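The structure appears right after this line, and notes come after that.
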């Protein structure tokens with residue numbers, strides 16, 4: 001804590017390039033802490049990004065280069081650019097070297113941030129279950145499907161058991177615990193039909 005206070009008050013005496021590095025590190029660090037608090041404490045990284053910072057997480061999946069220019073990437077660049085630049089100058093290095101090393105460090109952190117988010121977005125995409133994935137999957141009637149009406153079925157999609165509203169393809173009644181096959185999806189409704197087993201399969 002003392003080191004942080006000394007760093008902040010030290011900016012008041014800094015001038016020129018050193019002030020630029022200090023301000024960059026301070027702003028980047030504060031934004032990083034705010035982002036961490038929002039994500040860890042409040043959760044909902046996608047909603048927070050879109051609502052507070054205007055970052056569309058879904059759009060990031062389209063182009064890896066765009067990820068490096070997101071809020072997280074810029075935040076990482078500012079923090080590492082400033083910190084590295086200050087370290088070089090305090091070690092007696094010239095301003096040109098400090099700017100060069102700071103730029104390389106910031107660029108590397110921006111690139112790494114983009115890769116990390118690309119990894120997590122890929123994981124999220126793999127784990128996302130779309131209702132269309134139910135087509136061709138067999139399930140069990142959870143709530144009886146009345147004639148011409150709607151019931152519910154349980155189907156296992158990507159290892160996850162889900163319940164969906166369902167109707168019979170031909171409008172017939174399907175009792176509880178009946179094994180059915182999903183033939184189509186209409187909106188959020190599954191169109192199913194009973195599975196008929198051949199004597200060999202029985």
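Being without any contact (Cβ under 8 Å) to a residue 40 or more places away in the chain, in a loop (DSSP other than H, G, I, E, B) and loosely packed, with under 14 Cβ neighbours inside 10 Å is the filter here; which residues of region 134-168 pass it?
Once the filter is applied, which keeps residues that are without any contact (Cβ under 8 Å) to a residue 40 or more places away in the chain, in a loop (DSSP other than H, G, I, E, B) and loosely packed, with under 14 Cβ neighbours inside 10 Å, region 134-168 yields 147, 148, 149, 150, 158, 159.
Would you be able to tell me the number of residues in region 106-133 that are part of a helix (DSSP H, G or I), modelled with pLDDT under 75 and over 30 Å from residue 26 (Cα atoms)?
6
For residue 171, state whether it is on the phi > 0 side of the Ramachandran plot, surrounded by 11 or more Cβ atoms within 10 Å (Cβ to Cβ) and more than 34 Å from the chain's Cα centre (by Cα).
yes
Do you know which of the residues in region 56-99 that are outside any helix (DSSP H, G or I) and buried (at least 18 other Cβ atoms within 10 Å of the Cβ) is modelled with the lowest pLDDT?
Residue satisfying both the conditions and the ranking: 68.
The values are calculated or read from the model by the stated rules, or taken from the named source; none is laboratory data. Everything numeric here is computed off the predicted structure, so don't read it as measured data. Here the Cβ is made from the backbone with ideal geometry for all residues, glycine too, and neighbour counts use every protein chain on show.
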